[in-house]
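Down below is the structure, laid out as structure tokens.
The values are calculated or read from the model by the stated rules, or taken from the named source; none is laboratory data. Fair warning: this is a prediction, and the values are worked out from it, not measured in the lab. Cβ atoms come from the backbone with ideal geometry, glycine included; neighbour counts cover every protein chain shown. When the accessible area is computed, the model is the full protein with side chains, heavy atoms only, and any ligands, DNA or RNA have been set aside. Shrake-Rupley method; radii C 1.70, N 1.55, O 1.52, S 1.80 Å.
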Amino acid sequence: MTSIQQRAELQAQIWKIANDVRGSVDGWDFKQFVLGSLFYRFISENFSNYIEAGDDSVNYSALKDSVISPAIKDDAVKTKGYFIYPSQLFANVAKNANDNENLNTDLAKIFAAIESSANGYPSEHDIKGLFADFDTTSNRLGNSVKDKNSRLAAVLKGVAGLNFGDFEDNKIDLFGDAYEFLISNYAANAGKSGGEFFTPQHVSKLIAQLAMHKQTTVNKIYDPACGSGSLLLQAKKHFDNHIIEDGFFGQEINHTTYNLARMNMFLHNINYDKFDIALGNTLLDPHFGDEKPFDAIVSNPPYSVNWIGSDDPTLINDDRFAPAGVLAPKSKADFAFVLHALSYLSSKGRAAIVCFPGIFYRGGAEQKIRQYLIDNNFVETVISLAPNLFFGTTIAVNILVLSRHKTDNLTQFIDASSLFKKETNNNTLTDDHIKKIMEWFDTKADVDHFAKSIDSAAIAKNDYNLSVSSYVEAKDTREVINIATLNAELKTTVARIDQLRKDIDAIVAEIEGGKQ
């Protein structure tokens, strides 16, 4: 089955599940049950594969719970980070879902058991609360137990019907595609925005390549506003698993999305000891200070959000913000995220950050921060993208690439705003578009209307304006008009009009003469 066929089947199956529960569950809430079921199914299959270890004579799902010894359980939790008894496996629960009058409470007990299996082990932090948003007793599923069980059974049966074989052999990012599909189809209808928690895969691919360009190995990769983990996972997809030596790190402020990010790590076969996702406010309660510096940083932080800023006088002494000598405006925290990322960046690394375009030309504190970045030679490239590439916003955002190892004082500007493919309600970047941008980024050559490198003195003279349009001249797409040819055509047209008038006058005179 090709990736296109897998994606089409996935989306058709999700719509079938939606139809089975429609009328009861809000579309935005519905995604939690589908994604929770996807996660439950695949950690079950992953765990079974681990226990069976490729031995066709072993069928873990058919075993009795009683034959599992404490030693087997202990070893499994140390390796996989969690434990699932045979009776708790997704396949066994889904098989009998329609006839189980206690389905909702049984699921709640199973989820609690999976999470508690990690208690006291190093994986406890990574497992705890993973199923918190899969509330099987929620009234969103129905007012009666019968209604709840009926809709839960429909979701489980639907997810069980996703016929992709072994999940490790999938040609698509099953979890990511499901999430992207649900966001694009439900967020607008539900009146809520989920796009800020998910960076589309085509943009994630570009950001990952920028951050890891020409690095044969990186110690670890970090996203200070990781959402559902899509940016971190693109790094894993694009590069050999072993290039990222010490794992994946991220912080997320939204509890539901924090859970999704941890689920996403497991679903992409990143073991608990190779990732660390923290919950909290990155700007005010940053994690991983002991883990820095990072060789690769990727981020799509929220645009122009409020933060405490200068209302907290201690922040100006924070080692993340102090070097710039000024804090990002209280109503626009964008540069606070940029300075945070810079402070976590290693001397050999790059940070690729999606930014709201206004921060590159506004005055005040933002101008002073730009001056700090340019005067210290941290800005490698600014890339302007096409509009409408992200869910929840149509604006044409920029990508800021920071580096601590530049060998010259030039800053590159790339205008990629014309590179996009129109698809349904959103634009996308194709692989060819990404390849072209990476070629410009790699060579740093000037390309008319697309790329130009400017020295810091010229940028300083331009008030530290970092807008791409200030340095890359847009291509004039207006039709070229030959004035001489146009004048000749006009003369011919005027002469023709004069002749027509004479002909009409002659006809009128003839008619009037006949009436006399």
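Below, the figures for the structure above:
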| read-out | value |
| --- | --- |
| Some residue of the range 146-154 being farther than 30 Å from Ile414 by Cβ, at pLDDT below 65, charged (D, E, K, R) and in contact with a helix residue (DSSP H, G or I) (Cβ under 6 Å, 6 or more places away or on another chain) | no |
| Which numbered condition Val468 misses (of (1) more than 31 Å from the chain's Cα centre (by Cα); (2) modelled with pLDDT of 95 or more) | (1) |
| Close pairs (6 angstrom Cβ cut-off, 6 or more residues apart or separate chains): farther than 23 Å from Val159 by Cβ and open to solvent by 40 Å² or more (accessible area, probe 1.4 Å) in the range 40-65, among the charged types (D, E, K, R) and at pLDDT below 95 anywhere | Val58/Glu52 |
| Criterion: at pLDDT 95 or above, among the basic types (Lys, Arg) and in contact with a Ser or Thr (Cβ under 7 Å, 6 or more places away or on another chain) - qualifying residue of Lys330, Lys368 | Lys330 |
| Single match in Leu232, Leu260 (criterion: open to solvent by less than 10 Å² (accessible area, probe 1.4 Å), in contact (Cβ under 8 Å) with a residue 60 or more places away in the chain, in a helix (DSSP H, G or I) and closer than 20 Å to Ile399 by Cβ) | Leu232 |
| Any hit, the range 378-393, residues being open to solvent by less than 10 Å² (accessible area, probe 1.4 Å), part of a helix (DSSP H, G or I) and modelled with pLDDT of 95 or more | no |
| Subset of the range 268-310 (residues that are of a type in the set (Phe, Trp, Tyr) and assigned to a helix (DSSP H, G or I)) | Tyr272 |
| Within the range 341-377, considering residues that are among the aromatic types (Phe, Trp, Tyr) and in contact with a helix residue (DSSP H, G or I) (Cβ under 6 Å, 6 or more places away or on another chain), the one farthest from Leu419 (Cα to Cα) | Tyr372 |
| Among (1) among the polar types (S, T, N, Q); (2) farther than 14 Å from Ser384 by Cβ; (3) open to solvent by 60 Å² or more (accessible area, probe 1.4 Å) - the single one Thr428 does not satisfy | (3) |
| Selected residue (criterion: most open to solvent (accessible area, probe 1.4 Å)) from residues of the range 407-417 that are touching a residue at least 40 places away in the same chain (Cβ under 8 Å) and touching a Phe, Trp or Tyr at 6+ places or on another chain (Cβ under 9 Å) | Asp415 |
| Count - residues of the range 417-439 that are more than 18 Å from Ala352 (Cα to Cα) and of a type in the set (A, V, I, L, M, F, W, C) | 2 |
| Every pair of residues 6+ apart whose Cβ atoms lie under 6 Å, when the first sits in the range 113-132 and is over 14 Å from Asp276 (Cα atoms) and among the aromatic types (Phe, Trp, Tyr) while the second is at pLDDT 95 or above and assigned to a helix (DSSP H, G or I) | Tyr121/Val77; Phe131/Phe111 |
| Residue selected from the range 311-370 under the condition among the basic types (Lys, Arg) and not in a loop (DSSP other than H, G, I, E, B), by the criterion least open to solvent (accessible area, probe 1.4 Å) | Arg370 |
| Any hit, the range 192-202, residues being more than 22 Å from Leu402 (Cβ to Cβ), of a type in the set (Asp, Glu) and modelled with pLDDT under 95 | no |
| Every residue from the range 71-105 that is among the charged types (D, E, K, R) and over 19 Å from Leu38 (Cβ atoms) | Lys73, Asp74, Asp75, Lys78, Asp99, Glu101 |
| Filter pass, Ser87 being open to solvent by 60 Å² or more (accessible area, probe 1.4 Å), assigned to a loop (DSSP other than H, G, I, E, B) and out of contact with any Ser or Thr (no Cβ under 6 Å at 6 or more places or on another chain) | no |
| Subset of the range 301-310 (residues that are more than 26 Å from the chain's Cα centre (by Cα) and surrounded by 18 or more Cβ atoms within 10 Å (Cβ to Cβ)) | Gly309 |
| Residue among Ala278, Ala296 that alone is open to solvent by less than 60 Å² (accessible area, probe 1.4 Å), closer than 20 Å to Phe248 by Cβ, free of Cβ contacts under 8 Å to residues at least 40 places away in the same chain and out of contact with any Leu (no Cβ under 6 Å at 6 or more places or on another chain) | Ala278 |
| Of all residues making up the range 133-153, the number that are open to solvent by less than 60 Å² (accessible area, probe 1.4 Å) and within 29 Å of the chain's Cα centre (by Cα) | 6 |
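Every residue, every condition in (1) free of Cβ contacts under 8 Å to residues at least 40 places away in the same chain; (2) of a type in the set (Ser, Thr, Tyr), yes or no:
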position	(1), (2)
Glu423	yes, no
Asn426	no, no
Trp440	yes, no
Ala451	yes, no
Leu466	no, no
Ser470	no, yes
Ala474	no, no
Leu490	yes, no
Val494	yes, no
